[in-house]
1. Across segment 414-446, what is the number of residues that are aliphatic (A, V, I, L, M) and in a loop (DSSP other than H, G, I, E, B)?
2. Collect the residues in segment 306-360 that are over 24 Å from L243 (Cα atoms), in a helix (DSSP H, G or I) and of a type in the set (V, I, T), keeping them in residue-number order.
3. Quick one: which residue in L198, L268, L235 is out of contact with any His (no Cβ under 6 Å at 6 or more places or on another chain), part of a helix (DSSP H, G or I) and within 21 Å of M355 (Cβ to Cβ)?
4. Is one or more of the residues making up segment 249-261 part of a helix (DSSP H, G or I) and crowded, with 24+ Cβ neighbours inside 10 Å?
5. For the subset of segment 188-225 comprising residues that are within 26 Å of L153 (Cα to Cα) and of a type in the set (F, W, Y), which member is farthest from the chain's Cα centre (by Cα)?
6. Here is a list: E213, E262, E201. Which entry is acidic (D, E), over 30 Å from I7 (Cα atoms) and free of Cβ contacts under 8 Å to residues at least 40 places away in the same chain?
7. Give me a count of the residues in segment 110-165 that are aliphatic (A, V, I, L, M) and more than 20 Å from the chain's Cα centre (by Cα).
8. Which of the helices (runs of 4 or more DSSP H) contained wholly in segment 1-111 include at least 1 residues that are touching a residue at least 24 places away in the same chain (Cβ under 8 Å) and under 30 Å from Q323 (Cα atoms)?
Amino acid sequence: MSVDPRIHAITARIVERSKPTREPYLDRVRKAASKGVHRSVLGCGNLAHGFAVCSPAEKAALSGDVVPNLGIITSYNDMLSAHQPFETYPALIRAAAAEAGGIAQVAGGVPAMCDGVTQGQPGMELSLFSRDLIAMAAGIGLSHNMFDSTVYLGVCDKIVPGLMIAAMTFGHLPAVFIPAGPMTSGLPNDEKARVRQLYAEGKVGRDELLEAESKSYHGPGTCTFYGTANSNQMLMEIMGFHLPGASFINPGTPLRDALTREATKRALAITAQGNEYTPAGEMIDERSIVNGVIGLHATGGSTNHTLHLVAMARAGGIQLTWQDISELSDIIPLLARVYPNGLADVNHFHAAGGMGFLISQLLKKGLLHEDVRTVFGQGLDAYAIDVKLGENGAVHREPAPAISHDPKVLATIDQPFQASGGLKMLSGNLGSAVIKISAVKPERHIIEAPAKIFHDQASLNAAFKDGQLEGNFIAVVRFQGPKANGMPELHKLTTVLGILQDRGQMVALITDGRMSGASGKVPSAIHLTPEAKDGGPIAKIREGDIIRLDATTGKVNVLVDAAEFAAREPAVADLSDNDYGMGRELFAPFRAVAGAADRGASVLFA
């Protein structure tokens with residue numbers, strides 16, 4: 001089926017808008033590709049350094065231009081559950097490459113931090129900027145010019161977007177993303193949230209809270225709720241960077257290893273030396289980006305991707321806007337209910353039919369571009385599959401099931417959970433913002449209440465403990481944007497505001513900061529731009545001003561006389577405590593040049 005005319009029109013608009021940047025980008029990619037195997041331009045001394053530790057046979061092979069060399073960019077560390085499984089991947093990849101007649105080398109490592117560890121801590125102020133740093137670090141590894149293709153090992157929040165920016169920057173090289181998969185299911189997410197609320201209310205102690213958290217996050221693999229990390233995996237598959245069915249297979253299983261071996265061999269098959277050359281920069285186009293946005297809406301994915309997708313697209317010369325994302329949300333139905341938009345986790349999602357079923361349902365109604373290029377060498381129809389381990393230990397694929405194995409988790413296109421996606425753009429006299437409403441009850445889509453002003457999340461939490469947050473209100477948490485303090489996630493607000501909402505208060509949040517991929521049931525206008533540090537309208541709000549947040553019409557306004565509001569001086573904040581400690585001083589140059597949230601909050605594309 002051809003793509004829905006509305007999706008076609010939005011895609012065409014993006015293509016036209018992107019021409020001034022996309023065409024020069026493609027010229028650069030094609031010029032780089034035209035130089036042939038890049039290793040051949042290295043001098044003898046350069047090349048000798050590049051293969052000094054290789055075996056004699058490998059040195060002989062790399063001396064010529066025929067045997068492809070696969071560069072591995074890894075985010076391995078053994079503190080973080082999602083990335084610990086990557087410890088064994090290089091050996092597995094090298095062995096698979098040898099079987100395919102190629103060679104593989106670890107080109108470099110990139111940092112991988114965990115937002116779960118740094119939530120509410122000073123280190124969180126480095127988190128968003130780590131995305132661009134990861135892209136730079138990957139660039140250093142690939143700058144040795146030794147490689148004909150690349151594989152990227154990454155999973156979590158900023159790591160995959162950073163790696164994709166690197167893949168687009170080295171767009172003349174083929175790129176395959178290889179995931180590690182989610183950890184097995186532990187304590188149900190709703191039970192974990194319940195214990196968190198009890199702890200916040202002082203009804204259970206730290207020991208009970210730590211026990212619940214430890215039962216939730218208990219082993220190797222990605223956290224099982226549908227936050228940014230698992231949204232990343234969905235994106236890589238629906239955009240064609242993963243092999244079909246690769247996203248949500250648990251670590252340490254025979255199928256996981258089989259998929260890694262298959263991905264390695266595929267990365268070598270699509271180099272310029274073969275007949276299926278698939279440079280990443282040409283493979284990913286405007287249709288691929290639109291497919292990613294559609295997947296985000298259909299699954300109720302992370303709000304962080306309203307930043308990351310914009311930056312990832314810009315790395316390939318593609319100009320994606322929040323307006324594009326918002327308009328696609330009106331077209332794409334919600335097909336998945338995964339925590340925080342439901343009780344299931346990603347293992348339940350996969351068992352219900354997973355990505356293959358989701359893609360098959362969207363294609364059924366023409367709600368995806370099927371005719372895209374992918375690392376698999378076929379269009380997106382090849383991703384509408386169920387993946388299993390074959391009798392010979394290889395990957396086996398068969399058509400996706402026609403019905404969901406669990407209609408409470410994964411719906412059909414004919415009976416979606418709701419008619420539109422979960423992300424919307426808000427605009428008004430406070431600027432532009434993003435809201436995720438897939439888990440917000442309809443009666444809370446409109447909140448009109450007086451403002452309570454805070455300059456950090458700690459102040460709001462302290463006011464809660466002191467019993468100061470009574471009645472209906474909209475919390476304004478400002479000076480949390482990229483230039484102010486690196487735009488940390490304000491995840492610590494979720495529990496407090498959720499408690500107040502459960503008590504019957506009408507509450508909402510407006511902030512120039514981020515929430516997380518776990519943004520849930522409280523209406524939250526986030527990523528507000530211009531930010532307070534730039535003198536944005538949020539800095540002019542005063543305590544008690546009436547604010548109206550209307551997710552139905554996509555508006556966010558302070559109800560103050562326009563002339564009076566314009567005449568107000570914006571508030572200022574002492575941000576000196578954010579300048580030092582836990583490495584924050586190293587990122588002062590990033591804060592100084594960071595772009596606005598609606599441009600990806602990037603230091604690379606400001």
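The values are calculated or read from the model by the stated rules, or taken from the named source; none is laboratory data. Keep in mind that this is a model prediction, so the values were computed, not measured. Cβ atoms come from the backbone with ideal geometry, glycine included; neighbour counts cover every protein chain shown.
1. So in segment 414-446, the residues aliphatic (A, V, I, L, M) come out as 419, 423, 425-426, 430, 433-435, 437, 439-440, 446.
From the residues that got through so far, the ones that are in a loop (DSSP other than H, G, I, E, B) too are 419, 430, 437, 439-440.
Residues meeting the conditions: 5.
2. T306, I325
3. On the way: L198 fails: within 21 Å of M355 (Cβ to Cβ); L268 fails: within 21 Å of M355 (Cβ to Cβ).
Result: L235 is the single residue among L198, L268, L235 that is out of contact with any His (no Cβ under 6 Å at 6 or more places or on another chain), part of a helix (DSSP H, G or I) and within 21 Å of M355 (Cβ to Cβ).
4. Within segment 249-261, the subset part of a helix (DSSP H, G or I) is 254-261.
Among the residues that remain, those that are also crowded, with 24+ Cβ neighbours inside 10 Å are: 259-260.
For segment 249-261, residues part of a helix (DSSP H, G or I) and crowded, with 24+ Cβ neighbours inside 10 Å: present.
5. Y217
6. Result of the check over E213, E262, E201: E213.
7. First, the residues of segment 110-165 that are aliphatic (A, V, I, L, M): 110, 112-113, 117, 124, 126, 128, 133-138, 140, 142, 146, 151, 153, 155, 159-160, 163-165.
Imposing the further condition that a residue be more than 20 Å from the chain's Cα centre (by Cα) reduces the set to 140, 142, 146.
So the answer is 3.
8. Working: elements: 5-34, 44-50, 56-63, 89-99.
Qualifying helices (runs of 4 or more DSSP H): 5-34.
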